[in-house]
1. Between residue 231 and residues 5 or more places away or on another chain, which pairs have amide H atoms under 5 Å apart, with H built 1.01 Å from N, and which residues are they?
2. How much accessible area does residue 9 have with a 1.4 Å probe, in Å² rounded to the nearest 10?
3. Count the DSSP beta bridges whose two residues both fall in segment 164-333, then state the antiparallel fraction as a percent rounded to the nearest 5.
4. In the P(r) worked out for segment 22-129, what percent of Cα pairs fall beyond 16 Å?
5. Give me the accessible area per residue for segment 164-333, probe 1.4 Å, as a whole number in Å².
6. Along each of the three principal axes of the Cα atoms of segment 164-333, give the extent in whole Å, ordering the values from largest to smallest.
7. May I ask you to rank 331, 125 by accessible area, largest first, using a 1.4 Å probe over the protein chains only?
8. List the lysines whose alpha-carbon lies under 23 Å from that of residue 153, not counting same-chain residues fewer than 8 positions away?
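The values are calculated or read from the model by the stated rules, or taken from the named source; none is laboratory data. Computed from a predicted structure; not experimentally measured. Reconstructed Cβ throughout: ideal geometry from the backbone, glycine too, with neighbour counts over all protein chains shown. Surface accessibility is based on the protein's heavy atoms, side chains included, excluding ligands, DNA and RNA. Shrake-Rupley method; radii C 1.70, N 1.55, O 1.52, S 1.80 Å.
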Amino acid sequence: MSESRTEISSLGEFGLIEHLTRNIEIQNASTILGVGDDAAVIDHFGKQTVISTDLLIEGIHFDLMYTPLKHLGYKSVVVNLSDIYAMNATPTQITVSIGFSNRFSVEALSEFYEGIYAACEKYGVDLVGGDTSSSQKGFVISVTAVGEVTPGKYVRRNTAKKGDLLCCSGDLGAAYVGLLFLEREKQIYLEHPQVQPDLEGESYVIGRLLKPEARKDIVEFLEAQNIVPTSMMDISDGLSSEVLHICEQSELGCVLYEEKIPIAEEMRKAAFKFEIDPTACALSGGEDYELLFTMSQSDYEKIVLNEQISVIGYMTDAAEGVKINTKGGQVHPITAQGWNAFKK
Ligand code: ADP
Ligand code: MG
């Protein structure tokens with residue numbers, strides 16, 4: 001944190017908006033008009049428009065005791081872009097609305113916007129508007145993301161077919177274990193403020209919580225391979241919850257193989273420190289922001305060499321239920337334990 005503190009009141013609302021948005025450089029031809037008027041104007045030139053919004057509330061979705069504001073800004077954008085990619089679309093614009101108490105200074109909000117702009121640059125999206133308000137207590141953030149897709153090429157959750165392969169990107173469960181570490185250190189700090197936090201060696205799982213990425217690369221890979229997933233969604237509430245969504249909405253069942261669920265070595269070790277099962281973290285954790293999708297078996301050869309994509313099961317008739325085959329050879333029904341890591 002910088003030493004100086006500028007009160008928001010010294011700039012006023014319009015001064016603050018101008019301060020936070022003065023360096024915007026438009027990156028997309030589809031952004032016809034950005035910040036500065038009553039509304040933004042977007043022209044997707046014959047494409048279809050995809051839109052998604054999220055609300056993040058201090059104390060419910062994030063804890064500023066261990067979330068740096070720059071990371072929070074970055075993550076607020078990324079979680080929205082993840083929803084756009086999950087539709088097989090390309091994000092192009094965002095709006096950001098914030099409410100904050102007088103606890104926040106101009107410097108603090110600037111730090112938050114540094115994270116927002118870092119995400120905008122990385123993913124090639126334009127910040128085209130928002131709203132600014134004071135709040136009685138705490139920090140409230142709402143981000144809306146807009147994207148484009150070739151007409152009819154968006155991918156829904158309800159269109160998986162029997163026999164399709166069930167696939168996911170990256171690795172799962174690490175953000176949840178990262179949250180456990182940060183919550184543990186927070187409790188220790190609250191009881192013994194002189195104790196230094198002990199997060200040595202846990203940078204992978206903590207990074208997965210505080211600085212998630214959206215899987216732009218996977219959507220681009222699938223496109224380059226001429227694969228249109230038969231259904232897709234992002235994994236924000238834990239694998240089991242999302243698998244149930246695809247099955248219920250597609251009116252199918254599935255078989256999932258525990259041994260195929262991608263788990264990072266760092267996460268496995270970290271989970272053992274808490275004496276919890278890494279598979280349970282992947283199934284019921286949250287905040288992974290990986291993609292879950294189904295595709296035709298005939299596309300298998302095209303993805304087999306991509307280490308960022310795991311085939312974790314296949315789709316069956318609804319009557320066969322939603323099942324997991326454990327490493328021990330048992331078969332269990334998958335239940336809805338999907339759990340948003342930040343919901344208290
Ligand atoms: P209005 O009175 O129509 O709500 P504002 O004065 O709130 O307009 O906003 C002026 C311009 O600044 C608009 O283009 C708006 O989208 C943009 N804006 C307002 N707040 C933010 C923010 N927190 N981040 C980015 N842009 C913002
Ligand atoms: Mg306004």
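1. Counting only residues 5 or more places away or on other chains, the set is 294.
2. In the full protein context, residue 9 sits at about 100 Å².
3. Of the beta bridges lying entirely in segment 164-333, close to 85 percent run antiparallel.
4. Percent of Cα pairs beyond 16 Å in segment 22-129: 61.
5. Using a 1.4 Å probe on heavy atoms only, each residue of segment 164-333 averages 45 Å².
6. In descending order, the Cα extents are 59, 36, 26 Å.
7. Of 331, 125, the descending order of accessible area is 331, 125.
8. In chain and number order, the partners are 47, 161, 162, 216, 302.
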